Amino acid sequence: MRVLEPEIERVRQIMAEIGKLDIAGKRNFDGGLNASPEQRDQGFNLGFVVTFDDWDALAAYQVHPEHQRQGQALLDALANPDRDLLVMDWEF
């Protein structure tokens, strides 16, 4: 995410809520403020990863009302959600 300085703490709180959300099949949550010395972040300064057991668990998470609320709060904290949020889902 590309988060403006005044919104960083707000977004960190939202991320903490996302981490606490208890959904069947949600295995892990990890995230935080970018601290990479490589400076290859292209302006993205906060990020997180949520790990699920399978695609069905991800699908259940995506439609969960609390996830919808948290997601909207996250989007509301970004200056330009279409540019400032990168979402990827991948398989291992």
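At q = 0.11 Å⁻¹, what is the base-10 log of I(q)/I(0) for the chain according to the Debye formula with one equal point scatterer per Cα and no solvent? Please give it to two decimals. Log10 I(q)/I(0), no solvent term: -0.32.
Per residue, the solvent-accessible area of the chain (1.4 Å probe, heavy atoms of protein chains only, all protein chains present) comes to 71 Å².
Using just the helices of the chain, give the 222 nm mean residue ellipticity in deg cm²/dmol: DSSP H runs with n ≥ 4 each add -39,500 (n - 2.57), and the total is spread over all residues, rounded to 500. So the calculated ellipticity at 222 nm is -12000 deg cm²/dmol. Element breakdown for the chain at a 1.4 angstrom probe: carbon and sulfur atoms account for 50% of the accessible area. Seen against the Cα atoms of the chain and their longest principal axis, helix 8-20 is set at about 10 degrees. Rounded to the nearest 10 degrees, the inclination of helix 65-76 to the longest alpha-carbon principal axis of the chain is 10 degrees.
The values are calculated or read from the model by the stated rules, or taken from the named source; none is laboratory data. This one's a predicted model, so the numbers in the text were calculated from it and none came from an experiment. Each accessible area value is taken on the protein alone, full model and side chains, heavy atoms only, with ligands, DNA and RNA left out. Shrake-Rupley method; radii C 1.70, N 1.55, O 1.52, S 1.80 Å.
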